[in-house]
Amino acid sequence: MSDNDLQWRGISPRYRTELMVITGIAWLVILAASSLPLWIVGPGDFVSGWFIVSAVALVGLGVIGFIPRRVRAMGYALREDDIVFRRGVFFQRIVAVPYGRLQLVDVGRGPIARALGLAQLSLVTAAASSGVSIPGLPLAAADELRDHLIALAETRRAGL
Amino acid sequence: MAQGTLRDAADATGGQWHRLHPLTPVLQGGVVVVAVATAAVLILWENLILPTLLVSFGVNDELPDQELWLFVQYFLGWIALALVALVVVLVVVFWLQWRVHVFRMDDDVIDVKKGLLVKTWRQARRDRVNTIGVRRPLLPRLLGLAKLDIQAAGADANVVLEYLPVPVAQDLRRIILQGDAADTSDELDEKPQREVDVPLFRYVGSLVASLETVVLCVVIITVTVIAVVLGDLAVWLAVVLALFVYVVYLIERTVRWGNFVVDSLSGDLRVSVGLLSTSVETIPPQRIHTLEFSQPWPWKIFGWWRLNANLASQPGAATNKAPEHTVIIPVATVAEVMKTVRLGMPGMMTGETEEQVHELLSQPRKRLVGGITSPQRARWRVPFSAHLTMAALQPGLVVMRRGILTSRISVTPLTRIQSASVSQGPWHRALGLSQVELQSVSGPVSLRAKALDTEEAQQWWEGLNVATHAAVSAVGSRAPRKAQT
């Protein structure tokens, strides 16, 4: 599905760290939940409980280990008339949003992203399902891209 | 402060406060009073009046309830006094309510103030008004009154004027919309023109000839066979129950959706719906982002189609229990569909495209020029609908088709497409397939074509992006004023 004519810009490698920390926290919670039978029954009496916990831990490690590949698959390209965003390894999606369709551009930052100096750029059109948000942009780049997109949207605005 | 009751819509524009129709509080709160009074009269009638009458006519010699009789006799004066007092209090409360329920309209805003104890003040900016619906519930309708539902852009930003005499409501609606109407057409021919009138018989027929009925019939036959085999007829009770629910469903649907009419009014579509309570909504063509013709399988025999639309901005639809007007026509013939498409997307279709869409409606497997369809191997991904899936780029618009149990054909002008995507899951990729999807404003219609050849889909998507941009920039120079969500 890759298109070689496009000048793809990648996501900052630091986004890997952000995604890993967030995913890691989520999987720790799941791991804690899966260990619940052990606490209730007692670790010594319930051997298969250990299997569950280790299976969960293994899947979690797999998911986290896969993150660099996922981040590599993300990218965006600014073309003359539209912005193209691609993502996904198993479930690939590539969206083109014409500049004239942008209603607003949102820069959002979670606590971990802030610590890493990253930001997420969300593009909003009149359609809720467009759903384009470009994560893992360095803050300065995100701000610059936002201003650039808004300026473009302004000149090519075509109403609804 | 108020200038008096609004009798003529032309008076409303001055920015002075006006009261609504005096029956408003009665219609809003009086229903409860009427219900209580009816219940009281019914109790008296059953226990006292009817037996007394029967005794006096000699039909029955059983005396009425003695205790109640004595009670009424003894306290008659007090009861009468209490009733009078209650009526007086109600009248005063209603009158006060009516006095404080006022609205005002000037060139910029529309305000509504109401409430005796809990006061509310709502304001809508006139330049943000999208749609105005004239709604006529059963009781006000009998009294010649209507509710004006003014919807502005933004969630829950609607202002409701209830109740006004019908002609005043209609005039007011026109006055508020005039700012917008003025720049679309100068010669306002105000006579609405009847375009489509769905006969009640056809609507009920369309309900009966539905997938639900087929399922119900299958269930009934199965249950019958089981009942006969087992020799136990008690199972049949479930069938009776199911049939009862089915009939209730038919009636409910018919009352809500019966009497469906589409008019055209100075370029706008006006949709009226409801057998007892009528609801009218005017839809300017620029709000229609995509149209979909859908045909549940049993409708093929009659050649009927349902017409749905994704409409830009319909805020507050849930707050005032207005029916969603995303249904443009619940059941239409091919001729009516084509007529409505011409009205809803004026000048967006070339004659050739129109002919092709027309043919698509009668020949469901036709492949359009410039359309891409699923390859043979797509049967492994979508076994039943592979031969139907199609995406076609036409001059100025996109035509898509999908679905086997319910055929769905959608028409989307390029100037309304928000974004376009190509996607692919593992199963798709193993077969070298991709899915194309267009994003439109939210609504019942989704625009996607599954299981297309990856290479073809990619090319089609690129072509679409170029065409969309060309169409958008051609329109961009004369961007409509009503560009909002």
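Principal axes first, then extents: for the Cα atoms of region B:374-485, list largest minus smallest coordinate on each axis, whole Å, largest first.
48, 28, 23
How many Å² of accessible area per residue for region B:1-147, probe 1.4 Å?
Details: 9470 Å² over 147 residues.
Averaged over the residues of region B:1-147, the accessible area is 64 Å².
In Å², what does the accessible area per residue of region B:234-317 work out to with a 1.4 Å probe? Mind showing how you got there, number by number?
Values: 3200 Å² over 84 residues.
Heavy-atom SASA per residue in region B:234-317 reads 38 Å².
Please name whichever of B:Leu237, B:Ala209, B:Thr222 sits farthest to the positive end of the charge dipole of region B:198-327, dipole taken about the Cα centre and charges placed at Cβ: Lys and Arg +1, Asp and Glu -1.
Result: B:Ala209.
Put simply, what bits of region B:425-441 lose 40 Å² or more of accessible area when the other protein chains are there, versus the chain on its own (1.4 Å probe)?
Residues losing area: B:Pro426, B:Arg429, B:Gln439.
What does the charge dipole of region B:167-291 about its Cα centre add up to, to the nearest 20 debye, if the Cβ of each Lys and Arg holds +1 and the Cβ of each Asp and Glu holds -1?
Working: 9 positive and 15 negative charges, 106 e Å.
So the magnitude is around 500 debye.
Using only alpha carbon positions, build the gyration tensor of chain B, then give the equivalent ellipsoid semi-axes as the square roots of 5 times its eigenvalues, largest first, whole angstrom.
Numbers: eigenvalues 526, 257, 62 Å².
Result for chain B: semi-axes of 51, 36, 18 Å.
Would you please classify the overall shape of region A:100-160 from the alpha carbon gyration tensor, given that a ≥ b ≥ c denote the square roots of the eigenvalues, rounded means a/c under 1.5, and beyond that prolate means a/b larger than b/c while oblate covers the rest?
On the way: a/c = 3.85, a/b = 1.79, b/c = 2.16.
It comes out oblate by the Cα gyration axes.
Which parts of region B:391-420, residue by residue, lose 10 Å² or more of accessible area when the rest of the protein chains are there, as against the chain isolated (1.4 Å probe)?
With the partner chains in place, region B:391-420 has these residues losing at least 10 Å²: B:Thr415, B:Arg416, B:Ile417, B:Gln418, B:Ser419, B:Ala420.
For every helix of n ≥ 4 consecutive DSSP H residues, a contribution of -39,500 (n - 2.57) applies; sum these over the protein assembly as shown, divide by its total residues, and give [θ] at 222 nm rounded to the nearest 500 deg cm²/dmol.
It lands at -13500 deg cm²/dmol.
With all distinct Cα pairs included, what does the Kirkwood hydrodynamic radius of region B:296-433 come out to in Å, to one decimal, could you say? Let's see the in-between values first.
Numbers: mean 1/r = 0.0596 Å⁻¹.
For region B:296-433, the Kirkwood estimate is 16.8 Å.
Relative to the first principal axis of the alpha-carbon coordinates of chain A, what is the inclination of helix A:139-156, with its axis defined by its Cα atoms, in degrees from 0 to 90 and to the nearest 10?
40
R0 = 30 Å: FRET efficiency of A:Phe51 with A:Ile22, Cβ-based, nearest 0.05? Mind dumping the intermediate values first?
Values: r = 27 Å, r/R0 = 0.90.
FRET efficiency, A:Phe51 to A:Ile22: 0.65.
Carbon and sulfur: what percent of region B:1-140's accessible surface (1.4 Å probe)?
On the way: 6080 of 9090 Å².
Of the solvent-accessible surface of region B:1-140, carbon and sulfur hold 67 percent.
Taking only protein heavy atoms and a 1.4 Å probe, what accessible area per residue, in Å², does region A:16-160 have with all protein chains in place? Mind showing how you got there, number by number?
On the way: 7300 Å² over 145 residues.
On a per-residue basis, region A:16-160 sits at 50 Å².
Give me the Debye-computed log₁₀ of I(q)/I(0) at q = 0.11, 0.16, 0.20 Å⁻¹ for chain A, equal point scatterers on Cα only, no solvent, two decimals.
Values returned for q = 0.11, 0.16, 0.20 Å⁻¹ are -0.56, -0.93, -1.25.
Kindly compute the accessible surface that chains A and B hide from a 1.4 Å probe when together, both sides summed, and give it to the nearest 100 Å². Mind dumping the intermediate values first?
Details: alone 9610 and 25310 Å², together 32450 Å².
Interface between A and B: roughly 2500 Å².
Counting only GluC sites (Glu not before Pro) that sit in a DSSP loop (anything but H, G, I, E, B) with at most 14 other Cβ atoms within 10 Å, what is the longest stretch of chain B containing none of them?
Details: sites that count: B:Glu62, B:Glu187, B:Glu190, B:Glu324.
Segment B:325-485 is the longest.
Please compare each pair in B:Lys113/B:Lys191; B:Lys147/B:Lys300; B:Lys119/B:Lys147 to a cut-off of 27 Å on the Cα-Cα distance and tell me which ones are over it.
Values: B:Lys113/B:Lys191 33 Å; B:Lys147/B:Lys300 39 Å; B:Lys119/B:Lys147 20 Å.
Over 27 Å Cα-Cα: B:Lys113/B:Lys191; B:Lys147/B:Lys300.
If you take the Cα Rg of the protein assembly as shown and divide it by 2.2 N^0.38 Å, with N the number of residues, what do you get?
Values: Rg = 31.7 Å, N = 645, 2.2 N^0.38 = 25.7 Å.
My calculation over the Cα atoms of the protein assembly as shown gives 1.23.
Any idea what angle helix B:351-362 forms with the longest principal axis of chain B, computed on alpha-carbon atoms, 0 to 90 degrees, nearest 10?
Approximately 70 degrees, to the nearest 10.
Given +1 on the Cβ of Lys and Arg, -1 on the Cβ of Asp and Glu, and no further charges, what dipole in debye does the protein assembly as shown carry about its Cα centre, rounded to the nearest 20?
On the way: 61 positive and 54 negative charges, 335 e Å.
Taking the Cα centre of the protein assembly as shown as origin, the dipole is about 1600 debye.
By how many degrees, between 0 and 90 and to the nearest 10, does the Cα long axis of helix B:454-476 differ from the longest principal axis of chain B?
60
Quick one: if you take sqrt(5λ) for each eigenvalue of the C-alpha gyration tensor of region B:265-304, what semi-axes come out, biggest first, whole angstrom? Write down the numbers at each step before the final one.
Numbers: eigenvalues 124, 61, 14 Å².
Gyration-tensor ellipsoid for region B:265-304: 25, 17, 8 Å.
Leaving out ligands, DNA and RNA, and with a 1.4 Å probe, what % of the accessible surface on region A:43-160 is carbon or sulfur?
Values: 3460 of 5570 Å².
Here it works out to 62 percent.
The values are calculated or read from the model by the stated rules, or taken from the named source; none is laboratory data. Note that the coordinates shown come from a computational prediction; the quantities given were computed from them, not determined experimentally. As a convention, Cβ positions derive from the backbone with ideal geometry for all residues, glycine included, and neighbour counts pool all protein chains shown. With ligands, DNA and RNA removed, areas are computed over all heavy atoms of the protein, side chains included. Shrake-Rupley method; radii C 1.70, N 1.55, O 1.52, S 1.80 Å.
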